[in-house]
Structures are given as structure tokens and as C-alpha cells.
Amino acid sequence: NSTNSGWAVADEQGHTRSQAGPATSSFQTELQAVWLAILSTTLHETAQLHIHTDCLSVIDLADKTAAGQRPGRKQLLALPDAHQHLLAAITEPNISFHWVKGHSGHLTNLLADRSANAARQNRAPSPGLLIQQLPTTPALR
């Protein structure tokens with residue numbers, strides 16, 4: 001369905017989770033994947049969540065937010081008010097972001113990309129997991 005976007009996460013064991021929803025910008029779709037990663041992971045106080053992404057805009061947003069800086073103009077335009085809880089979540093000390101080159105053979109990046117494409121093509125929108133409709137506090141456990 002061309003009106004859908006897909007996003008997904010993959011872990012080092014090859015497990016994936018994906019969602020599809022109304023078409024958005026690629027940056028917003030990347031943010032959906034980050035939120036899915038956060039919600040898909042049970043974090044203990046001492047556990048670290050390492051989010052690997054091929055989106056430099058997500059890395060930049062996480063770095064600026066963690067440093068207490070205001071996101072850039074283009075990032076703010078892509079972030080409706082409902083995304084503020086995501087900004088709070090990405091500054092948690094047990095979440096770190098790492099850049100990987102997309103489409104370069106990085107296994108989990110390839111798995112997530114394929115899973116996101118499958119979700120976009122084969123699944124109806126699932127608005128219950130869209131960032132805009134999630135609670136204002138992330139479910140970090």
C-alpha cells in the first residue's frame with residue numbers, strides 16, 4: 001500500500017518487530033523505529049539499550065537533546081508536540097545511539113530494513129503503536 005510507511009527493529013539474535021502506519025517523512029519513520037525499539041526492550045536499571053541507526057538526523061537529535069540543546073528547525077517541524085515524550089526517553093542514561101552505514105551489509109540494519117519494507121507492503125496501518133498515540137511516559141521497565 002503506497003499510503004503506508006513501515007518501520008522496524010532487529011536485535012542481534014535476528015528477532016524483528018515491525019509496524020506500518022500512515023505515510024510520513026523518512027525522519028518521522030526513523031523516530032517510529034526508535035520508539036518501537038524502546039518499547040520492545042525491557043530495561044533494568046543497569047541494562048544498556050544500544051540503538052544502531054543509519055539515520056544521522058536521529059543521532060543528531062539524540063545528541064542535541066542529551067546536551068540540553070534545542071533540536072534544529074527541520075527536526076522541530078518533524079516533531080509534533082506529541083513527540084515530546086520520545087525526546088525525554090532518548091535522554092535516559094541507559095540508552096545510547098550509534099550510527100551504522102545503511103545498505104552496507106550490517107546484519108541488524110538489513111533485517112530491520114527488510115522487515116520495515118514488508119510491513120509497509122503487506123500490513124494495514126496499525127495506529128495503536130504510532131508515537132502520536134502513545135502515552136506521555138515511555139514504558140521503560
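Of the conditions (1) at pLDDT 85 or above; (2) more than 18 Å from ASP60 (Cα to Cα); (3) under 15 Å from the mean Cα position of the chain (by Cα), HIS106 fails just one. Which one is it? Unmet condition: (3). Taken together, the criteria place ALA62 among residues that are in contact with a strand residue (DSSP E or B) (Cβ under 7 Å, 6 or more places away or on another chain), modelled with pLDDT of 85 or more and open to solvent by less than 20 Å² (accessible area, probe 1.4 Å).
The values are calculated or read from the model by the stated rules, or taken from the named source; none is laboratory data. Nothing here was measured: the structure is a model prediction, and the numbers come from that model. Note that we place each Cβ from the backbone using ideal geometry, even for glycine, and neighbour counts take in every protein chain shown. Heavy atoms of the whole protein, side chains included, go into the accessibility calculation; ligands, DNA and RNA do not. Shrake-Rupley method; radii C 1.70, N 1.55, O 1.52, S 1.80 Å.
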